Every structure is written in C-alpha cells, then in structure tokens.
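Heads up: the structure comes next, in structure tokens.
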Amino acid sequence: MWGRDSKVMTEALPRIVIVGAGFGGLNVAQALAKAPVQITVIDRKNHHTFQPLLYQVATAGLSPGEIAAPIRSILSSHRNVEVLMNEVAGFDLERRIVKTSENEIPYDYLIVAAGARHSYFGHEEWETLAPGLKTIEDALEIRRRVLLAFELAERQTAAGEGAPPLNFVVVGGGPTGVELAGTLAEISRYALAHDFRSIDPARTHIVLLEGGPRVLPAYAEDLSRSAEEQLKHLGVEVRTSTMVTKVEAGAVDIGDSRLTATVVLWAAGVAASPLGRQLGANVDRAGRVPVLPDLSLPGHPEVFVIGDLAAAKDEKGKMLPGVAPVAIQQGRYVAKVIREELKSPHRTRPDFHYWDKGSIATIGRAAAVAEFGKIHISGFVAWLSWLFVHILFLIGFQNRLLVFIQWAWSYVTYERGARLITGSTYLPGWIAPAPKSPTDQPVPQEIHVGASK
Ligand SMILES: Cc1cc2nc3c(=O)[nH]c(=O)nc-3n(C[C@H](O)[C@H](O)[C@H](O)COP(=O)(O)OP(=O)(O)OC[C@H]3O[C@@H](n4cnc5c(N)ncnc54)[C@H](O)[C@@H]3O)c2cc1C
C-alpha cells in the first residue's frame, strides 16, 4: 500500500499523514515540503476552499473557481507530498493507522485538521430549510435559493397574482451572518434593482436575528454598534436578543411570534468535525479536541490536532478563536516542531503562541469594521483593509488577479457576475398560486420539482 510511487515515496522516511487540506492542513504540508519526510494529505474534497469569501459565491459576486483550487495542483510542486481524495472514518492510535472506508494508512506523525461544520443545536431537521455556509456546495445552494426567490416573485407578479413579500431571514449575527445580510441588502437594492419588470427587488426585507445582545459579539462593543448602524444604513432590520425557536418551510418562529421567510439562512452555530470524537478525546461542547500547549493530543505526542477542530488556549487560558490565522499559524508551528524533532529527537517542544494580528469583518460595499488591538476602524478604510487582506491570502496568483478585477468591476458597476440558478427549482415554503385556467392542474411547487439538494 505504501510507496506506490517509488520515485516519490521512500519507505525509510518518516511518514506524515495530514487529514484535511484546509488552512491548517495545507500549511503543515507546505511547510514540510522540503523536509526529509513523506507526506500524505487526505481530504474528502478535491479542492481547498477559501472560506472567508464563500459569502461572495453565495451572493453571486464570485464564481466557485475563483475562491477554491484543486489541492493536488496547490501541492503539485512538492515531490514528497501525495494527495488522496478520501473520507477519513477513524483512527487506530495504538497501531498508528488512519482508517478510510477502503484502506488503512500508517503514520509516524498524524495531523488532524478536519475543521468544523455549522451546528443547529440539536435541530438537524432545520438544515434543509435554513442552509448554512461552509462549503462551495452550501454557497451554491444559498445562491440558488436567493436568486430563485426573485424569479418566482417576478413570475407570480407578472401572472397578475400580486407581488408576494420577499423576506430574507439570516439567523446569527456573527461575521458570516453580518456579511450575508449586508450583501443581500446590497444586491437587492443595486445589482438586481433594474433587472426586473414586475417586482421591485429594492423592497426586499432582510432581517438579521441574533440571540445575544449585539452583533459581532467577538468584537469590541463600539465596533458592534458601528456594524449594526452600517447594516441599518443598508436597509437590514437587525433584531438582537432574539432566539429562533423553530424553523419551518417559509417561516421562522421567535418564541410566540412568527416571521414569514422566503429564504432562511443559518449562520448561528459551529460544531467541530465528528472526527474529533474518533480520536478518543473528551471533546468540549462544540466537539473540539482539547490539546496540550504543543497542540498534541494528551498521551500521544505524535498526534497533533489543529485549526477549528482543536480546543487550544492562549497563555491566559482564553480559547483561541476559529479563524484562518489560528489554523495557519498552528500548521506552520506543527511543521516546525516535526522538522526540529527529526533533527534532535529529545528536544523539548516550545509551546504554541498565537500572534493575533487583528480581525476584520465586512458588511458590504465600503462597509466593514476592523479591530487591530486598541485601534478600531469602521467604514471605508476598514473595508479597504479587508479587501487587501483577502486578496493577499487568496490561494493562487490567478485567483488573486481575477478576484481583484471582479471586485473592481462590481465596485464601479454594482454588477454581480455569477447570477446563475443551477440545479433544482424548488424553494422550501414557496407555494405557486392556484392556476386560473380550469385546464391547469393545481400543483404545489414542492411536489413537482423534487428535493432541494
Ligand atoms: C463562511 C465562513 C467565513 C469565514 N470567514 C473568515 C474570515 O473572514 N477570516 C478568518 O480568519 N476566518 C474565517 N472563517 C473561519 C476559517 O475559514 C476557519 O477558521 C478555517 O478554515 C479553519 O481551518 P481548518 O484547517 O481548521 O479547517 P478547514 O479550512 O475547514 O478545512 C478542513 C478540511 O478538512 C476536510 N475534512 C473534513 N472532514 C474530513 C474527513 N472526515 N475526511 C477527509 N477530509 C475531511 C474538509 O474537506 C476541509 O478541506 C470563515 C469560515 C466560514 C465558514
């Protein structure tokens, strides 16, 4: 099984297996590429996704290929790295084996960087009604629903049935909810405003629901206030201290009151990959694996857990946030630990230190908030910093150039170039009006178009 390509893999070299080619896993692989090791990267997808720009795909600003790249091509220049597209099912830590459905892959060092998914807090049945945003598939599903809602409303209005209300409800006021709500408000008021003849997209009602007392709770209070003001300026209705108690097709319940919702989007919770439990660890409430200060699994110095899957703390005992820079720095740190250890096996490992360079959350065109230590910025300058950082860290020069051109173009024209509806034409909760002609069959939309995913 091992050493399939003898030109690349050599039996004698230490074997490093990396599970997950997100920000954490990719950085381990790249930082170890010149070391005397053989590396296997396993990911269930064939592509790395630049998750911070997923909302741009979900709101038709960018196409999937502009924010994702094949893992194989990202790592192709590193001769000691092989890439396997496969789903990891579990581990045998005693035998030092990674298990997939077809085979067992041995390791000397294991890095588990399988990330996180959205959490519905025990209401998994809400997922099909209120998609979250984590993968390219999620983004395309959100884009489909949003664009479809406008098309169905136009069709119904053109047929003389009266304009149905278009209510988009975003659940969760963290960075993803804020950028989704802000951008949806923007596209309905600008990009789509002149393209319809029967409906007025600018009258779309966007509601952002947040369970806590303020949006962007991880940011300083003044920035939360500023974000809320910027959202309101864009026409978003922000409701804080508002807990969603039920999601149904076409509606969201908040305690005793009910909001009709043409499209519901979920940005409220995160749960770490179930692979964490497969490591035999006592995971925390979010499913994260507690790690030692060197990011290793207690009792297994040869196993590291990094990125969103790890419950790692800083020097003050504060949990590190689930953001890309943490995963990137952890990936590079683990690569360094392994490199040093291979040179001098009895060396004491230094602790991992996270260098927090600041946080930026975008809200819309020229609207953002940024926190760099004590420096807090809002509006256009914050947005420019966001733009710069995201172009700089996007994988691949071609993507950087394409995204830059796309953004410059849409900044000037307000155009959203990727407005394609693909796949099913089913929108949960949308009931087509009863036909007027006696020859037409009354067919509710849900029945004749099939599943949503
Ligand atoms: C919509 C959104 C917006 C975000 N915006 C920002 C932002 O603006 N700034 C910021 O810093 N952070 C942002 N983040 C957070 C950031 O993307 C994550 O913190 C980061 O991706 C974590 O990296 P990771 O390597 O731990 O996991 P990921 O990048 O999620 O990678 C995990 C990889 O593991 C693979 N995988 C999972 N399970 C298996 C399995 N069983 N077998 C094989 N492969 C598996 C997945 O396919 C994936 O490729 C955002 C996240 C989302 C979802």
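Values for this structure:
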item	result
Cβ crowding within 10 Å averaged over residues, with 346-357, 259-270 ranked highest first	259-270, 346-357
Nearest 10 degrees, 0 to 90: helix 380-393 Cα axis against the chain principal axis	50 degrees
Surface/4 of the Cα convex hull for region 314-362, nm²	4.1 nm²
Prolate/oblate/rounded label for region 121-162 (Cα gyration tensor, a/c 1.5)	oblate
Which of I338, I360, G65, positive extreme of dipole for the chain (C-beta unit charges)	I338
Equivalent ellipsoid semi-axes, region 1-117, via Cα gyration tensor eigenvalues times 5, rooted, Å	27, 16, 11
Fraction of accessible area attributable to carbon and sulfur, region 141-256 (%, probe 1.4 Å)	47 percent
Scaled radius of gyration (Cα, divided by 2.2 N^0.38 Å) that the chain gives	1.05
Cα gyration tensor shape of region 264-369, rounded if a/c is under 1.5, else prolate or oblate by comparing a/b with b/c	oblate
The chain: relative contact order in percent, alpha carbon pairs under 8 Å with at least 6 residues between	18 percent
Residue-normalised accessible area of region 1-130, given per residue in Å² at a 1.4 Å probe	41 Å²
Lys, Arg +1 and Asp, Glu -1 on Cβ, resulting dipole of region 210-276 about Cα centre, debye, nearest 20	100 debye
Entries in K99/K134; K134/K313; K336/K357; K246/K313; K34/K374; K134/K246 that, when Cα-Cα distance is taken, lie over 27 Å	K246/K313; K34/K374
Kirkwood hydrodynamic radius (C-alpha pairs) into Stokes-Einstein, region 127-209, 25 °C and 0.890 mPa s, D in µm²/s	183 µm²/s
Simple Cβ-charge dipole of the chain, Lys/Arg +1 and Asp/Glu -1, about Cα centre, in debye nearest 20	940 debye
Ratio of Rg to Rh over region 140-273 (Cα coordinates, Kirkwood Rh, two decimals)	0.99
Listed residues L420, G250, Q406: farthest to the positive end of the dipole of the chain (Cβ charges)	Q406
Listed residues I328, G172, A113: farthest to the positive end of the dipole of the chain (Cβ charges)	I328
Mean Cβ neighbour count within 10 Å, used as a protection proxy, ranking 310-317, 55-62 highest first	55-62, 310-317
Estimated translational D of region 200-263 in µm²/s (Stokes, Kirkwood radius over Cα pairs; 4 °C; 1.567 mPa s)	101 µm²/s
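The values are calculated or read from the model by the stated rules, or taken from the named source; none is laboratory data. Given the structure is predicted, the values throughout are model-derived calculations rather than measurements. Note: ideal-geometry Cβ built from the backbone for every residue, glycine included; neighbour counts use all protein chains shown. Keep in mind that these areas ignore ligands, DNA and RNA; they rest on the heavy atoms of the full protein, side chains included. Shrake-Rupley method; radii C 1.70, N 1.55, O 1.52, S 1.80 Å.
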